[in-house]
Amino acid sequence: MSVKKLSENALVSFVDCLLSTEKVEAVQAKGDKFDFGPLESAKDLRLDYDITLLPPKKYFQPPVETLLTYETEGVYKSHYDNERFILIGVHPYDMMAINQMDKLFSQDNYDEHYMTRRNNATIIACDVETPSKNVFASSMGTATVKDGYDILLTNIGDGYVAEAATEKGRSLLSKATEAVKVSEQDLKKRQQVWDKNQEVLNNHPLKCKPSDLPKLLEKAYEHPIWEEKAKTCFSCGSCNQVCPTCYCFNVQDDVSWDLKTGERKRIWDGCLLDGFTRVAGGHEFRAKRADRFRHRLYRKAKYVPAKIGGQIACVGCGRCINACLTDIANPISIYNKLVEDIGID
Ligand code: SF4
Ligand code: SF4
């Protein structure tokens, strides 16, 4: 482990140094909101952001990607993104979501396309400075993060504590020539930031422990809340698209007009969308909107946790709450209603 301190100016010099040799993607302002995008100058970096419009999952699972191209004679070529890049400004809850995605895309069927991008990334995470309106990371145990990143930056008021957690991170941090040694006082201030974030990133407190949720849902399948909420659901899929832990996709073939060549693409899909479960023969096994609405919540707190050692697949970013036009997507309001009606044993 290597820990250093960078002043604001030292951070700008460090990022400009990275920009001179590397591809850098980072959080920047987009009107009055924020998003990840290609960084051209260190002065555009905004580590004081509240939340990005889309989570950083798009760098590992892009909205549309070419898996392979083929000739109908039988020759095919797989495509991989081999470009190295640095991703700056990943908040702890998004880092936890990436850690979950890493497990899902590597544990049973190792996904070369996802993992190639992931292995080519160097992640510089940062602790939250400005809580967003709908964040509830404190409730989900994701207000701070201990692994997954290569470097973690924490703003302690008079500069940043930068901790390198991997060899890639140490090698990168060695380029911060204006960095200085951290003092005991700096580390204490960092701990205070972590302690504070455990408390304040909680604008929708959950009325039970996250680990209670799978059991709660076992008893909630027939609860009327699914029908009630679904009455005003547009099936727009926005809650899926903005979620850092939603990873469902569809695979489509585009065949050329002369039927000689084709391209196989992987495209984001969403369980709330009409037609998500339509299969061969036109059969649709989750056609009802209320069933799709229920499925998203079960997936977050029961089905995916069963695959990844019990971790709840909602990291409390609050993006689905921001995105839902009819204000029904908030997982906490649903889980809390179930806690009130059914109770935790
Ligand atoms: S379900 Fe909503 S709050 Fe939870 S991780 Fe997804 S977008 Fe964020
Ligand atoms: S964002 Fe809201 S309206 Fe759209 S699919 Fe999700 S729950 Fe339904």
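The values are calculated or read from the model by the stated rules, or taken from the named source; none is laboratory data. Just so we're clear, the structure is a prediction, and the values are computed from it rather than from any experiment. Ideal geometry is used to build each Cβ from the backbone, glycine not excepted, and the neighbour counts take in all protein chains shown. SASA here: full protein model, heavy atoms, side chains in, ligands and nucleic acids out. Shrake-Rupley method; radii C 1.70, N 1.55, O 1.52, S 1.80 Å.
Annotations
- Placing a label point 7 Å from the Cα of residue 200 along the Cα-to-Cβ direction, the residues of segment 79-95 whose backbone N falls under 19 Å from that point are 90-94.
- Annotation for residue 23 and residue 215: the two label points, set 7 Å from Cα along the Cα-Cβ direction, are 4.7 nm apart.
- Enclosed volume per residue, in Å³, of the convex hull spanned by Cα atoms of segment 78-162: 112 Å³
- Sites matching trypsin sites (Lys or Arg not before Pro) across segment 171-240 that sit in DSSP coil, with at most 15 neighbouring C-beta atoms within 10 Å: 175, 207, 219, 231
- Under 18 Å from the residue 130 label point (7 Å along Cα→beta-carbon), backbone N, segment 180-209: 197, 200-203
- Straightening the chain between residue 72 and residue 284 buys 73.3 nm, computed as 0.36 nm per residue apart minus the Cα-Cα spacing.
- Relative to its residue count, segment 192-272 spans a Cα convex hull of 199 Å³ per residue.
- Cα principal axis extents for the chain, largest first, Å: 64, 61, 38
- Residues whose amide H comes within less than 5 Å of that of residue 30, counting only those at least five positions distant or on another chain, are 35 (H built at 1.01 Å from N in the peptide plane).
- Potential extension, residue 48-residue 103 segment - 0.36 nm per residue separation minus Cα distance: 16.9 nm
- Carbon and sulfur %, accessible surface of the chain computed with the full protein complex present, 1.4 Å: 51 percent
- The chymotrypsin sites (Phe, Trp or Tyr not before Pro) of segment 1-46 include none that meets both conditions, a loop assignment by DSSP and at most 11 other Cβ atoms within 10 Å of the site Cβ.
- Counting only Cα atoms, segment 210-342 measures 61, 32, 28 Å along its principal axes, largest extent leading.
- Restricting attention to the chain, close to 75% of DSSP beta bridges with both partner residues there are antiparallel.
- Mean residue ellipticity (222 nm) of the chain, computed from DSSP H runs ≥ 4 via -39,500 (n - 2.57), nearest 500: -9000 deg cm²/dmol
- Rough spin-label spacing in nm, given labels placed 7 Å along Cα→Cβ, for residue 41 and residue 291: 5.5 nm
- Taking each residue as 0.36 nm, the span from residue 171 to residue 33 lengthens on full extension beyond its C-alpha to C-alpha distance by 46.4 nm.
- Percentage relative contact order, the chain, counting C-alpha pairs under 8 Å, at least six apart: 22 percent
- Take the Cα of residue 327, step 7 Å toward its Cβ, do the same at residue 79, and the gap between the two points is 4.3 nm.
- Here, P(r) means the percent of Cα pairs in each 5 Å bin from 0 to the largest distance; for segment 22-128 it is 2, 11, 20, 22, 18, 12, 7, 5, 2, 1, 0.
- Low-density loop cleavage sites - trypsin sites (Lys or Arg not before Pro) in segment 72-137, where at most 15 other Cβ are within 10 Å (DSSP): 84, 133
- Using the 1.4 Å probe convention, the accessible area of the chain works out to 47 Å² per residue with neighbouring protein chains retained.
- Working note: Karplus 6.51/-1.76/1.60 with θ = phi - 60° gives segment 186-199 the couplings 4, 5, 5, 5, 5, 4, 5, 4, 4, 4, 5, 5, 4, 8 Hz, where Gly and Pro are set to x.
- Working note: Karplus 6.51/-1.76/1.60 with θ = phi - 60° gives segment 77-85 the couplings 9, 6, 10, 10, 8, 9, 7, 6, 8 Hz, where Gly and Pro are set to x.
- Which of 152, 179, 14, positive extreme of dipole for the chain (C-beta unit charges): 152
- 24 Å Cα-Cα threshold exceeded, pairs from 207/300; 5/175; 4/30; 219/337; 43/146; 23/77: 4/30; 43/146; 23/77
- Column: log10 I(q)/I(0), Debye, Cα scatterers of segment 2-200, q = 0.09, 0.14 Å⁻¹: -0.36, -0.83
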